[in-house]
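Asker: I have a structure I would like to understand better, so I am pasting it below and will then ask my questions one at a time.
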């Protein structure tokens with residue numbers, strides 16, 4: 001288990017270089033602590049979380065291998081299982097376990113989270129944006145994931161537009177697998193955003209003391225608004241990909257219809273030619289023209305004339321359009 005820990009004091013997040021141990025050292029009365037845990041095993045995590053004196057139900061949720069999105073709050077302790085940023089290549093999102101208790105914020109990563117690493121880097125540069133308390137830091141973490149999901153929506157929208165353009169200009173280059181993959185990715189994004197909205201709504205409705213101040217409450221309500229906007233955007237993407245899939249089916253049906261129409265025309269032209277050839281090829285007496293030296297040329301000319309006439313007829317009726 002690897003623990004990255006930070007002290008929040010005077011509006012700055014300061015990364016500590018020494019190893020963390022309970023009780024944390026160098027922590028003054030007005031300092032708050034953020035513990036970011038990676039690669040935690042169940043036994044190690046249990047021993048670590050015992051120092052926070054969590055409610056047994058909260059502790060069980062933290063150690064459960066089957067993670068479900070949601071928020072549990074008891075007295076002054078908040079536990080949230082939050083699905084992280086969208087990953088186009090994976091159906092199962094990474095989860096971030098968040099524990100907020102008094103002056104301690106704990107985040108436990110379940111999966112890789114480069115978005116969280118980017119946020120930490122932005123807070124540890126020379127002139128970072130100020131962070132005054134842990135609920136604000138919690139908001140910044142969740143808002144970072146929200147921004148990543150917006151970027152994912154933009155990327156998917158551009159891909160859908162690219163497929164739509166190809167379908168309009170070069171239908172043969174569009175494959176059903178491309179559309180199926182897009183539908184799968186949009187579905188995963190919708191599922192992720194619905195879970196995030198559920199978590200944000202429960203967080204905004206939480207009654208723990210750390211989130212009751214009006215300006216802190218406003219942070220959580222802003223997360224709910226962002227999640228609702230993102231969800232509506234994802235639904236629009238789903239509608240666009242469904243329309244695109246219907247257009248693809250129409251193009252495919254039109255392509256099949258054209259081919260069947262061509263086969264019908266070919267059959268209609270060759271049918272009378274086959275009839276003439278069958279009649280004149282019968283091995284019976286009385287076939288006209290058998291003793292004429294030009295009979296073969298006459299028959300060939302007749303068959304060509306029939307084929308040309310039928311072609312002209314179908315052309316005039318618009319069957320080749």
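Quick grid of which residues meet (1) outside the structural domain of residue 93 (by TED's automatic domain parsing); (2) modelled with pLDDT under 85:
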residue	(1), (2)
224	no, no
228	no, no
268	yes, no
290	yes, yes
294	yes, no
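Asker: Looking at the stretch 226-261 only, could you name the residues that are surrounded by 12 or more Cβ atoms within 10 Å (Cβ to Cβ), free of Cβ contacts under 8 Å to residues at least 12 places away in the same chain and farther than 22 Å from residue 164 by Cβ?
Answerer: The one that is surrounded by 12 or more Cβ atoms within 10 Å (Cβ to Cβ), free of Cβ contacts under 8 Å to residues at least 12 places away in the same chain and farther than 22 Å from residue 164 by Cβ: 229.
Asker: Which members of the stretch 35-82 meet the condition of being within 30 Å of the chain's Cα centre (by Cα) and in a loop (DSSP other than H, G, I, E, B)?
Answerer: 39, 40, 41, 64, 65, 66, 67, 68, 69
Asker: Still on this structure, please answer the following. If you go through the stretch 83-130 one residue at a time, how many are in a loop (DSSP other than H, G, I, E, B), under 15 Å from residue 146 (Cα atoms) and touching a strand residue (DSSP E or B) at 6+ places or on another chain (Cβ under 9 Å)?
Answerer: 4
Asker: In the stretch 22-41, which residue that is closer than 19 Å to residue 132 by Cβ and modelled with pLDDT under 85 is surrounded by the fewest Cβ atoms within 10 Å (Cβ to Cβ)?
Answerer: Checking each candidate, the answer is 29.
Asker: Quick one: count up the residues across the stretch 132-155 that are touching a strand residue (DSSP E or B) at 6+ places or on another chain (Cβ under 8 Å) and surrounded by 19 or more Cβ atoms within 10 Å (Cβ to Cβ).
Answerer: Number of matching residues: 7.
The values are calculated or read from the model by the stated rules, or taken from the named source; none is laboratory data. Small disclaimer: the values here were computed from a predicted structure and weren't measured. For neighbour counting, all protein chains shown are included, and Cβ atoms are generated from backbone atoms with ideal geometry for every residue, glycine included.
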